[in-house]
């Protein structure tokens, strides 16, 4: 059976006339008659009782009418869903956010706008550090992620900028400075205990910081390591040393941590939405287009 046969049958049943149905369907009456006969032959039952005034449904025809109507509704819905899916208006998308979302308004406002534009898209959010996000995107376990430190020379990934943050010096608020002069540049940190991030935690970002420090003539005296901003700020709060963190971390830093700017700390953290170049679904394309 073909879907058009269901449509032909339904039109004849509703109008009670093959000739009237043929006019509505814009096909020749003999052709419509043959289609109805083929349908009855395939089913092995009579769907219509022929009368001088037209046709009327048999008991089998009445049952088939109910099933045909449901099938045609399902077909119409399937078509509409396919069209909406092609436009990224329905489906599911799996995204990741940083473990500590240090600039919530910048990302959450995007997600809010996306939800307004595509209310039928299901969103699953994960909290993962950038390196794990990249691994899961590469494996197809995530559609995309809001992250830092994407290796720019990796052809597997593609990204679009979201926002940037400047870097600040974070130090224990209890520290006192000679003559009340806070550090003004990176070189002023030369003799201070510095909390560092291991290269394995974020290779690309670690290397960018090293280049920035080298250009400023600063070699950090590393005494402690933290794997992310939260752990480094915890060590700063405990008086273990100072570090450099993104400006957004001020929102969740404890009162025992103070911040200041440095003139030559010009490097910025650049947030991106990143996805695998060869795996970009329609719902993801819609998010990218909106951004």
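If the Cβ limit is 6 Å and pairs must be 6+ apart or interchain, which residue in segment 113-135 that is under 22 Å from residue 156 (Cβ atoms) pairs with which residue that is part of a loop (DSSP other than H, G, I, E, B) and at pLDDT below 90?
These pairs meet every condition: 129/99; 130/148; 130/149.
I need the full set of residues from segment 205-245 which are in contact with a strand residue (DSSP E or B) (Cβ under 8 Å, 6 or more places away or on another chain) and crowded, with 20+ Cβ neighbours inside 10 Å, in order please.
Those that are in contact with a strand residue (DSSP E or B) (Cβ under 8 Å, 6 or more places away or on another chain) and crowded, with 20+ Cβ neighbours inside 10 Å: 220, 226, 229, 232, 233, 235, 236, 241, 242, 243, 244, 245.
Here are some conditions: (1) in contact with a helix residue (DSSP H, G or I) (Cβ under 7 Å, 6 or more places away or on another chain); (2) closer than 21 Å to residue 232 by Cβ; (3) part of a strand (DSSP E or B); (4) modelled with pLDDT under 95. Residue 160 meets all but one. Which one does it not meet?
Only one criterion is unmet by residue 160, namely (2).
Name the residues in segment 251-278 that are exposed (fewer than 15 other Cβ atoms within 10 Å of the Cβ) and either in contact with a helix residue (DSSP H, G or I) (Cβ under 8 Å, 6 or more places away or on another chain) or part of a helix (DSSP H, G or I) (or both), would you?
Going residue by residue through segment 251-278, those that are exposed (fewer than 15 other Cβ atoms within 10 Å of the Cβ) are 251-252, 254-256, 260-261, 263, 266, 268, 277-278.
Listed by number, the residues that qualify are 251, 252, 254, 256, 266.
Would you mind telling me which numbered condition in (1) in contact (Cβ under 8 Å) with a residue 40 or more places away in the chain; (2) farther than 20 Å from residue 127 by Cα residue 210 fails?
(1)
In segment 266-291, which residues are more than 20 Å from residue 203 (Cβ to Cβ) and over 24 Å from the mean Cα position of the chain (by Cα)?
266, the sole residue that qualifies.
Give just the number: which of (1) surrounded by fewer than 17 Cβ atoms within 10 Å (Cβ to Cβ); (2) under 24 Å from residue 249 (Cβ atoms) does residue 128 not satisfy?
Condition (1) is where residue 128 drops out.
If residue 26 passes every condition in (1) at pLDDT 90 or above; (2) farther than 20 Å from residue 75 by Cβ; (3) exposed (fewer than 12 other Cβ atoms within 10 Å of the Cβ) but one, which one does it miss?
(2)
The values are calculated or read from the model by the stated rules, or taken from the named source; none is laboratory data. If you're wondering where the values come from, they're calculated on a predicted model, not measured in any experiment. Note: ideal-geometry Cβ built from the backbone for every residue, glycine included; neighbour counts use all protein chains shown.
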